[in-house]
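Participant: Mind having a look at this structure? Questions to follow.
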C-alpha cells in the first residue's frame, strides 16, 4: 500500500461526532462539524452529517466548493472572515459566514444582490483571545449597520477562544456572550438564531453543568477527529483518539552514533542539533518530513524515539536492531501534524467505508 498515508476510520469519527452531538444536545447546544483539517473531505463530511451535526464549517471556500461539487447535503458556514476578493464565491457556495468588518459585509451584500441570493452573517465578538472579533462596545453599531445591507440576514453572534492566545472559555466569558445576545435582541427587537460559543476548547465548560445561557452552537473539529479536548489535549471520555493514523515507510536503518561530528552550525530548519550523547543507536529513517507533517506533533509507539526531521526525512531511534527496508511505522497525530499531513499531496489518504447504522 502507498506510503506515507493517513488511514482514516470513518466509523470512529462517526462515533465521536454522534457522542458529542448527543451530549451537547442535552445541554441545548447543537454542533457545527468543522471540516477544515480534512480539506473538506466529502466522506468525512457525510459521516458528520449522519452523526447529527446541524451544519458544516470550513475556513476555506475552496473546501466548501469541493463539498458542494460532491453534493454533500448540508448547510455550509465559512468560519474564517471572508476575503473581499472571494465575495462572489462565498455567497454562491456558503450559506453563512463569520464576519467582523463592515466593508466585507458590504461586498457580500453587493455580491448576493447580483446573484439574487441572500447570505447569512454571524458577527464575531472579541472576548479576550485576540484573534478575530468586534470589540463588545462596538457590537451594537455593527449590528445596526449590518441590518441595513440588502440581501444580508443577521443570523447571530459568536466568539472564538482557546486558539491564538489560549484563553479558556468559562462561565464568565460565555455569560458575557449570552448577555450581548440578549442586549442585541432587546435593542433591535429581533431574536438571534445562532449564538456560537466557540470550538472544541469549549467542551469542558459546556459539559460541566454550568448554565449555558444563550449559547446554542459549538464549532467542533479536533474533538471529533482526534477525540481530545483542546485546552490541555486530554482524551475525552468515551471517544476514540486513534480515528486517524499516519503510516510511514522505512528507507534506511543502521547503527549510528547519536551525536554528529564536525563543525556544527544550524540545521536545515534553523534548529540546534542534538547535544546529548546516547552512544550507538539504531537509527531509522522514514520517508516523510517537515514538508509533509509536523514532526513535533507525532507520537510513536513505545520503544520508538523521534530524533528529528528534515524536509523529507523523519529520523527515529527504533530502539533495538535495524528494521527491514519497506517496513512501516505507525504514528498518532496532534492537530498540527494532522493539518499538515492532510494538506500534503505526498501523503495518501485512505478512507474506510462507514458501516450503515
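Participant: Given R₀ = 30 Å, FRET efficiency for residue 261-residue 305 by Cβ-Cβ distance, to 0.05?
Facilitator: Working: r = 21 Å, r/R0 = 0.68.
Efficiency, from the Cβ-Cβ distance: 0.90.
Participant: While we're here: Counting alpha carbon pairs within less than 8 Å and at least 6 residues apart, what relative contact order, in whole percent, applies to the chain?
Facilitator: Values: 774 pairs, mean separation 64.7, N = 357.
Dividing the mean separation by the residue count of the chain yields 18 percent.
Participant: Once you place label points 7 Å from the Cα toward the Cβ at residue 50 and residue 62, how far apart are they in nm?
Facilitator: Rounded to a tenth, the inter-label distance reads 2.8 nm.
Participant: Would you mind getting the Kirkwood hydrodynamic radius of the chain from its Cα pairs, rounded to one decimal in Å?
Facilitator: Numbers: mean 1/r = 0.0452 Å⁻¹.
So the Kirkwood estimate lands at 22.1 Å.
Participant: Can I ask one more? Which angle between 0 and 90 degrees, to the nearest 10, do you get for helix 10-25 versus the longest principal axis of the chain when only C-alpha atoms count?
Facilitator: Tilt relative to the chain: about 40 degrees.
Participant: Just 213, 57, 197 to compare: in a GNM of the chain, with alpha carbon springs under 10 Å, which one fluctuates most?
Facilitator: Result: 213 has the largest fluctuation of those listed.
Participant: Take the alpha carbon atoms of region 22-66, find their center, do the same for region 273-322, and report the distance between the two centers in whole angstrom.
Facilitator: Cα centroid to Cα centroid, the span is 34 Å.
Participant: Could I ask something else about it? Measure off 7 Å from each Cα along the Cα-to-Cβ vector at residue 312 and residue 280, then give the distance between these two points in nanometres to one decimal.
Facilitator: Placing both labels 7 Å along Cα→Cβ, they lie 3.0 nm apart.
Participant: Here is a further query. What number, in percent, do you get for the relative contact order of region 244-351 if the mean sequence gap of Cα pairs under 8 Å and at least 6 apart is divided by its residue count?
Facilitator: Numbers: 212 pairs, mean separation 36.9, N = 108.
Relative contact order, region 244-351: 34 percent.
Participant: Of 295, 235, 257, which has the largest mean-square fluctuation in a 10 Å C-alpha GNM of the chain?
Facilitator: 257
Participant: Within region 194-237, find all residues whose amide N lies under 14 Å from a label point positioned 7 Å from the Cα of residue 171 along Cα-to-beta-carbon.
Facilitator: In region 194-237, the label zone of residue 171 (backbone N under 14 Å from the point 7 Å along Cα→Cβ) covers 205-213.
Participant: Calculate how many DSSP beta bridges within the chain are antiparallel, expressed in % of all such bridges and rounded to the nearest 5. Show your work: numbers first, answer last.
Facilitator: Values: 27 of 60 bridges.
If we restrict to bridges inside the chain, about 45 percent are antiparallel.
Participant: What is the log10 of I(q)/I(0) for region 244-351, computed with the Debye formula using one identical point scatterer on each Cα and no solvent, at q = 0.09, 0.14, 0.18 Å⁻¹?
Facilitator: -0.23, -0.55, -0.90
Participant: Okay, next question. Per-residue counts of other Cβ atoms within 10 Å, averaged by peptide: what ranking do you get for 334-343, 119-128, 220-229, highest first?
Facilitator: Values: 334-343: 19.1, 119-128: 21.8, 220-229: 24.9.
Per-residue mean Cβ counts within 10 Å order the peptides as 220-229, 119-128, 334-343.
Participant: Would you please classify the overall shape of region 31-177 from the alpha carbon gyration tensor, given that a ≥ b ≥ c denote the square roots of the eigenvalues, rounded means a/c under 1.5, and beyond that prolate means a/b larger than b/c while oblate covers the rest? Write out the running numbers ahead of the final one.
Facilitator: Numbers: a/c = 1.99, a/b = 1.13, b/c = 1.77.
It is oblate, given that a/c is not under 1.5 and a/b is not larger than b/c.
Participant: Return the single residue from 328, 43, 263 with maximal mean-square fluctuation; model: Gaussian network over the chain, springs between Cα atoms under 10 Å.
Facilitator: Looking only at 328, 43, 263, the biggest GNM fluctuation is shown by 263.
Participant: So if each residue of separation counts as 0.36 nm, and I subtract the Cα-Cα distance between residue 140 and residue 352, what length gain in nm does that give?
Facilitator: Details: separation 212, 0.36 × 212 = 76.32 nm, distance 4.78 nm.
Additional length available on full extension: 71.5 nm.
Participant: Can you work out the FRET efficiency for the pair residue 11 and residue 232, with r the C-beta to C-beta distance and R0 = 25 Å, to the nearest 0.05? Mind dumping the intermediate values first?
Facilitator: Values: r = 27 Å, r/R0 = 1.07.
About 0.40, to the nearest 0.05.
Values in this text are rule-based calculations from the coordinates and carry no lab data. No experiment lies behind these values; they were computed from the predicted model shown. Here the Cβ is made from the backbone with ideal geometry for all residues, glycine too, and neighbour counts use every protein chain on show.
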